[in-house]
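The values are calculated or read from the model by the stated rules, or taken from the named source; none is laboratory data. Owing to the predicted nature of the structure, the values given are computational and were not obtained by experimental measurement. In this analysis, Cβ positions are derived from the backbone assuming ideal geometry, glycine residues included, and neighbour counts consider all displayed protein chains. Ligands, DNA and RNA are excluded from the accessible area calculation, which covers all protein heavy atoms including side chains. Shrake-Rupley method; radii C 1.70, N 1.55, O 1.52, S 1.80 Å.
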Amino acid sequence: ITLCIILPLVLRAQLIGDVSYVSDGDTFKMVGLNGKKFTVRVADIDCPERAQPYGLEAKAFTLKFLLNMRVSLRVKTVDLYGRLVASVSYENKDLAELLLMNGLAWHYKQYSKSEYLAQLEGDARHRKIGLWIDDSPTAPWEYRRGKKF
């Protein structure tokens, strides 16, 4: 099925499914209740890459909370790689919020104007937790410039 056909259907519905694999702190694979498989990118945040400081910690955090869990997605778009970009909830918790509160992600201001998420990042910076222990951590989008994956 092409994206042209599936995208309008996906964007109209809230998707529910089970997490089958965690790639990194902000990307995972999910099997929907209908059996369809999706790759999901958490909206509004950007976690460190695995090779960056706190990249493995971000992945471990997401793995601990999401693997084999039922999640609910509010899909915002589909990115260039075919991933669903979505708000992710499980057990009435928002994954982006938890990653920000624990200092394991940046608020992705290029794509999100949420003052609440910006405040969560600011609070983690102020408390110097997670990646904010470093005075000037490298943002993942800066790290990815010039890198080939």
Practice problem: With unit charges on the beta carbon (Lys/Arg positive, Asp/Glu negative), name the residue among Leu56, Leu84, Ile129 whose Cα is farthest towards the positive pole of the charge dipole of the chain. | Solution: Leu84
Quiz item: How big is the accessible area of Trp106 in square angstrom, nearest 10, if you roll a 1.4 angstrom probe over the protein chains?
Solution: 20 Å²
Quiz item: Gaussian network model of the chain, Cα springs within a sub-10 Å range: biggest mean-square fluctuation belongs to which of Leu80, Leu15, Leu104?
Solution: Leu80
Quiz item: From the phi of every residue in region 120-126, what ³J(HN,Hα) in whole Hz does the Karplus formula 6.51 cos²θ - 1.76 cosθ + 1.60 yield, where θ is phi - 60° and glycine or proline is x?
Solution: 4, 4, x, 5, 5, 4, 4
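Ratio of Rg to Rh for the chain, alpha carbon only, Kirkwood? Display every interim value, and only then the final one.
On the way: Rg = 15.1 Å, Rh = 15.6 Å.
Looking at the chain, the ratio lands at 0.97.
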Self-check item: Rounded to 5, percent antiparallel among DSSP beta bridges of the chain
Solution: 90 percent
Practice problem: May I ask for the longest run of the chain untouched by trypsin sites (Lys or Arg not before Pro) that are loop-located per DSSP and have at most 11 neighbouring C-beta atoms (other than their own) within 10 Å? | Solution: 1-112
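Restricting to Cα pairs below 8 Å that are 6+ residues apart, what does the relative contact order work out to for the chain? Please round to a whole percent. Don't jump to the answer; show the numbers that get you there.
Values: 268 pairs, mean separation 32.2, N = 149.
Rounded, it is 22 percent for the chain.
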Quiz item: Where nothing but the Cβ of Lys and Arg (+1) and of Asp and Glu (-1) is charged, how large is the charge dipole of the chain around its Cα centre, in debye to the nearest 20?
Solution: 520 debye
Quiz item: Can you pull the percent of the chain's accessible area that's carbon plus sulfur, 1.4 Å probe, other chains left in place?
Solution: 54 percent
Exercise. Please list, or write none, the aspartates and glutamates whose alpha carbon is within less than 12 Å of the alpha carbon of Lys76, excluding same-chain residues fewer than 8 places away.
Key: Asp44
Practice problem: Quick one: which residues, 5+ away or cross-chain, put their amide H under 5 Å from the amide H of Lys76? H built at 1.01 Å from N. | Solution: Val85, Ala86, Ser87
